[in-house]
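First up is the structure itself, then whatever we jot down about it.
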Protein chains: 2
Amino acid sequence: MNFVEERIAKDGVIKSGNVLKVDSFLNHQMDVDFIDRIGREFYKGFSCKPINKILTIEASGIAIAYAAARHFNVPVVFAKKSRSVNISGDTYVSEVESFTHKKKNMVVVSKRFLNETDHILIVDDFLANGCALQGLCSIADSAHAHVEGIGIVIEKGFQIGGQVIRNLGYDLQSLSIVEAMDESTGEIVFRNQK
Amino acid sequence: MNFVEERIAKDGVIKSGNVLKVDSFLNHQMDVDFIDRIGREFYKGFSCKPINKILTIEASGIAIAYAAARHFNVPVVFAKKSRSVNISGDTYVSEVESFTHKKKNMVVVSKRFLNETDHILIVDDFLANGCALQGLCSIADSAHAHVEGIGIVIEKGFQIGGQVIRNLGYDLQSLSIVEAMDESTGEIVFRNQK
């Protein structure tokens, strides 16, 4: 197991409805050394690409994006979620549905911060059905920005998102892929990516 | 002017309704070196305190908290905003009203991540009417955690928040205090804190 899988196995909690809680170290309380290491790992995976910006979505993507951006020495742009948007001409907007919260959000990025000269790395904490990620990719497309890669901390391999994103041709690297989880035993099986 | 005031003067944009936009470097696109420096500054200001946790609120507080936490070598907890909360027994909840968005949010922190042994530094990007901050202080009180200090990047000195928080006895340090801004001229006047 790599350090992400080890930490999930140690501190992740499985809840009903295929929910994996990692809020003690990743997305509510945050272990800064752990997230720093995630940032380094994304840099190792994508440093061969001409990345000039990291794109993520609020809120739990922000620290991960920040950690990665320190290694790439580039700015972060985080997309904002909004229930309703006064769609003015100065924003890119995409509608996404959250798996966890079962609600739709508009995802918004100002046109000032993304354009055709950008070569971006998209990062996020989770990839499940892939809707949030497709929203970010759609915004990047609208901006004619180049998506050089996608870095995910935890992919749920038993949901469709990873397959959809890979089939679309994106260079998706997930630091861990959960193949199965058992709420009753607490057991988590990871995909062997070697 | 210090580095925060200089950056605001250079890249801040004044909008009607006393809105100061700093989204090109602080809370939509993020300049990672600038935010690192903010983290160092908070460490300088509060390193004499026995801080074991940084508390902030999603979304724009997260990167600042993360940058500070790297210097203190402690975890971050970010409070979550929710329009409606299933108030279960395992969360601290406080209701706050956003100045910018004119709407009420519940602010929520899991009881697992804040308790009476914690000595916390609260950080956020803006302090205006102080409602978000009072929400965080209220949550810290509910947890019987000790608020050792509060670090703010931009305080709007012409609004009531800073005075309220200082009158409550908190050690509030703002890296910049805007005394006045003029939308027509673009001029920003900072309080002399020397």
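Could you list all residues from the range A:107-130 that are under 25 Å from B:Ser82 (Cα atoms) and not in a strand (DSSP E or B)?
Correct list: A:Ala128, A:Asn129, A:Gly130.
Return the total of residues in the range A:169-190 being in a strand (DSSP E or B) and small (Gly, Ala, Ser).
Selection size over the range A:169-190: 2.
Let me confirm something: among B:Gly17, B:Gly45, B:Gly39, B:Gly12, which residue is more than 23 Å from B:Tyr170 (Cβ to Cβ) and either surrounded by 21 or more Cβ atoms within 10 Å (Cβ to Cβ) or modelled with pLDDT of 95 or more (or both)?
B:Gly12
Can you tell me which of A:Arg70, A:Arg37 is free of Cβ contacts under 8 Å to residues at least 60 places away in the same chain, of a type in the set (Lys, Arg) and facing chain B (nearest Cβ under 9 Å)?
Just a single option satisfies the conditions, and that option is A:Arg70.
A quick yes/no check of all residues on (1) surrounded by fewer than 16 Cβ atoms within 10 Å (Cβ to Cβ); (2) on the phi > 0 side of the Ramachandran plot; (3) at pLDDT 95 or above:
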{"site": "B:Ile122", "(1), (2), (3)": "no, no, yes"}
{"site": "B:Asp125", "(1), (2), (3)": "no, no, yes"}
{"site": "B:Ile150", "(1), (2), (3)": "no, no, yes"}
{"site": "B:Ile154", "(1), (2), (3)": "no, no, yes"}
{"site": "B:Gly157", "(1), (2), (3)": "no, no, yes"}
{"site": "B:Arg166", "(1), (2), (3)": "yes, no, yes"}
{"site": "B:Phe190", "(1), (2), (3)": "no, no, yes"}
{"site": "B:Lys194", "(1), (2), (3)": "yes, no, no"}
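Quick one: in the range A:52-96, which of the residues that are exposed (fewer than 14 other Cβ atoms within 10 Å of the Cβ) and in contact with a strand residue (DSSP E or B) (Cβ under 8 Å, 6 or more places away or on another chain) is modelled with the highest pLDDT?
A:Asp90
Would you be able to say whether some residue in the range A:147-168 is within 14 Å of chain B (Cβ to nearest Cβ) and either part of a strand (DSSP E or B) or among the small types (Gly, Ala, Ser) (or both)?
Scanning the range A:147-168, I find no residue that is within 14 Å of chain B (Cβ to nearest Cβ) and either part of a strand (DSSP E or B) or among the small types (Gly, Ala, Ser) (or both), so the answer is no.
Which residue pairs have Cβ atoms under 6 Å apart, sit 6 or more places apart or on different chains, and have a first residue in the range B:148-164 that is in contact (Cβ under 8 Å) with a residue 60 or more places away in the chain and a second that is in a loop (DSSP other than H, G, I, E, B) and among the hydrophobic types (A, V, I, L, M, F, W, C)?
B:Glu148/B:Ile51; B:Val153/B:Leu175; B:Lys156/B:Ala128; B:Gln159/B:Ala128
Just to be sure, is B:Val109 over 23 Å from B:Gly157 (Cα atoms) and at pLDDT below 95?
Criteria not met by B:Val109.
Is it the case that A:Ile177 is modelled with pLDDT of 95 or more, touching a strand residue (DSSP E or B) at 6+ places or on another chain (Cβ under 6 Å), of a type in the set (A, V, I, L, M, F, W, C) and farther than 23 Å from A:Glu58 by Cβ?
Spelling it out, A:Ile177 is indeed modelled with pLDDT of 95 or more, touching a strand residue (DSSP E or B) at 6+ places or on another chain (Cβ under 6 Å), of a type in the set (A, V, I, L, M, F, W, C) and farther than 23 Å from A:Glu58 by Cβ.
Specify the residue that is farthest from A:Cys48 (Cα to Cα); the eligible residues are those in the range A:101-114 that are away from chain B (no Cβ under 12 Å) and surrounded by fewer than 17 Cβ atoms within 10 Å (Cβ to Cβ).
Looking at residues that are away from chain B (no Cβ under 12 Å) and surrounded by fewer than 17 Cβ atoms within 10 Å (Cβ to Cβ), I get A:Lys102.
Return the only residue of B:Val107, B:Val96 being more than 27 Å from A:Asp11 (Cα to Cα), in contact with a helix residue (DSSP H, G or I) (Cβ under 6 Å, 6 or more places away or on another chain) and of a type in the set (A, V, I, L, M).
Sole residue among the options that is more than 27 Å from A:Asp11 (Cα to Cα), in contact with a helix residue (DSSP H, G or I) (Cβ under 6 Å, 6 or more places away or on another chain) and of a type in the set (A, V, I, L, M): B:Val96.
The values are calculated or read from the model by the stated rules, or taken from the named source; none is laboratory data. What you see is a predicted model; the values in this text were computed from it and never measured. Neighbour counts run over all protein chains shown; Cβ positions are idealised from the backbone, glycine included.
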